[in-house]
Amino acid sequence: MTNAQTSPDDRDRSRETDDAGTAPTEHQLTEHHFTESVTPDEFKAAFRNHPAGVAVITADAGDGPVALTATSVFSVSVAPPLLVFSVSELSSSTPTIRRAETVVVHLLGAAQIDIAKLGATSGIDRFADTSIWERLPTGEPHFPAAHAWIRGRVVNTMDAGGSTVVAVQALETHAPPAGDPSADAREAEPLVYHNRTWHRLGDHSKID
C-alpha cells in the first residue's frame, strides 16, 4: 500500500501566518543529532500494533488538487480548534500541502474505504472520477461521501525527520451532531488501519 503520496503503514504525521498576521517560527527537528537506537523496521513494527483512524487530506495551492491517505491525524486543542497531521517528504502531495493556505481533512468510515484506497494508491489520477468529488464554495477539493470532514487553515509546519508536521486551525466542520444515531459506531463504522490491514469498528468491537 506504500505509494508516492503517503502510506497508512508509514504513519506519516505549511508555513503560514498566525492569527496576528506574523509568520510563526518553523522548528527543524532534522537539525538535531539523533542517536539511533532502533532500526526503521523495528520502529514501524511497534506502531503496526497501534491502530489508528483513517483520513484523506485534500488541498489545492493553485496548480491542481492533491489527495493523500494518512493515519496521523489527531486533535490537539478545542479552543482554538486545532488538529495536526504529518506528510512524508516522499509524497508528491507534500509540496502542495506545504504551499496551501487551507486543507480539508476527511475522517472516514468503513463505507468510504474506496476513498481511503484511492488516496493510498500511487501512479493514478485521484480526481479522474468527477462523480466522487467536488469543490467547496471556498474552492477546496473534497469528497462529499466522507463521514465527517474539517476545512482548516494551515497555521504552522515543522520538519521532523523525513516528514512535515502540519498544524491546522479548523474553520468549518461537517459531521453528525452529538447524540445523533449516525454518529454511533453501529452506523458510522469508523475505518481503522492496523497491522497493514483495514478494519471497521462497530458493536462487535465494544468491550465496555
**Study point:** Conditions (1) in contact with a helix residue (DSSP H, G or I) (Cβ under 8 Å, 6 or more places away or on another chain); (2) surrounded by 16 or more Cβ atoms within 10 Å (Cβ to Cβ); (3) of a type outside the set (Val, Ile, Thr): number failed by Arg48
**Key:** (2)
Practice item. Starting from residues that are surrounded by 13 or more Cβ atoms within 10 Å (Cβ to Cβ) and modelled with pLDDT of 95 or more, keep the ones in the stretch 136-147 and report whichever is farthest from Thr58 (Cα to Cα). Key: Ala145
Check your understanding: Which of the residues belonging to the stretch 166-199 are assigned to a strand (DSSP E or B) and either loosely packed, with under 14 Cβ neighbours inside 10 Å or of a type in the set (S, T, N, Q) (or both)?
Key -> Gln169, Leu171, Thr173, Thr197
Point to revise | Some residue of the stretch 174-191 being closer than 20 Å to Asp63 by Cα and hydroxyl-bearing (Ser, Thr, Tyr) | key: no
Exercise for review: Kindly indicate the residue of the stretch 102-132 that is of a type in the set (Val, Ile, Thr) and outside any loop (DSSP other than H, G, I, E, B) and also farthest from Ser182 (Cα to Cα) among those meeting that condition.
Suggested key: Thr102
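The values are calculated or read from the model by the stated rules, or taken from the named source; none is laboratory data. Since the model is a prediction, treat every value here as computed from it, not as a measurement. So basically every Cβ, Gly included, is an ideal-geometry build from the backbone, and we count neighbours across all protein chains shown.
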